[in-house]
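S.K.: Can you read through this structure? Questions will come right after.
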Amino acid sequence: MIKGHINLDINENDLQNLKFEDHFQTYQQRPEISQYYTAENSSIWQMFHEESPAWVHALSKKVPQDFDHAVVSVIRVDPGQTVPLHVDRHYWVQEIHGKGRTHRYLIMLEDWKSGHYFELEEEPVVKWKAGDWIRFDQPQWHLGSNSGIEPWYSVQVTGVVL
């Protein structure tokens, strides 16, 4: 896991003005997950590249530029929702920019709040600050959840590695 920090040039209104239209159940890549995780407890809101506002695209320029091409998305995980253990496929960036090794920057848009949780390769990540990021490669297992009382917002910058 590689971590860093960028300065965010956003405010509370930027988050409140996001217009999410895509709400879907998260990955179900292991048999035991389909037994316990349903659309009711493991769905997220996501805004993809072309739908994302300019300030989201600007964030992609602030992380280390160790990729040729990238796509961005914004995710909102509402209270009571989980993102079960999974490996991202990164098919979207590869469909647009071609096959290759990929990695992702997960940028936290607000300071950590009680109940917000991320885990990468069995390593918990909590108590982050707005602008903290985590970089991980495509085949790494990770999960997240929101057992708090406020939505959890993040940006993903997914790039085809140089």
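The values are calculated or read from the model by the stated rules, or taken from the named source; none is laboratory data. Computed from a predicted model, the values in this text were never measured in an experiment. Don't worry about glycine lacking a Cβ; one is built from the backbone with ideal geometry, like all the others, and counts go over all protein chains shown.
S.K.: So which residues in the range 28-58 are within 21 Å of residue 11 (Cβ to Cβ) and within 13 Å of the chain's Cα centre (by Cα)?
M.R.: Listed by number, the residues that qualify are 45, 47, 56.
S.K.: Please specify each residue of the range 119-138 satisfying the condition of being within 19 Å of residue 74 (Cα to Cα) and among the acidic types (Asp, Glu).
M.R.: Hits for the range 119-138 are 119, 132, 137.
S.K.: Here is a check on your reading of the model: is residue 73 polar (S, T, N, Q) and within 22 Å of residue 5 (Cβ to Cβ)? Reasoning before the result, please.
M.R.: Working: polar (S, T, N, Q): yes; within 22 Å of residue 5 (Cβ to Cβ): yes.
Criteria met by residue 73.
S.K.: Do any helices (runs of 4 or more DSSP H) lying entirely in the range 1-67 carry at least 2 residues that are surrounded by 14 or more Cβ atoms within 10 Å (Cβ to Cβ) and at pLDDT 90 or above, and which ones are they?
M.R.: Helices (runs of 4 or more DSSP H) meeting the threshold: 12-16, 54-59.
S.K.: Just wondering, is there one or more residues in the range 96-103 that are assigned to a loop (DSSP other than H, G, I, E, B) and either modelled with pLDDT of 95 or more or buried (at least 17 other Cβ atoms within 10 Å of the Cβ) (or both)?
M.R.: Looking for residues that are assigned to a loop (DSSP other than H, G, I, E, B) and either modelled with pLDDT of 95 or more or buried (at least 17 other Cβ atoms within 10 Å of the Cβ) (or both), one finds none in the range 96-103, hence no.
S.K.: Restricting to the range 104-162, give me the number of residues that are among the acidic types (Asp, Glu), surrounded by 16 or more Cβ atoms within 10 Å (Cβ to Cβ) and outside any strand (DSSP E or B).
M.R.: The qualifying residues number 1.
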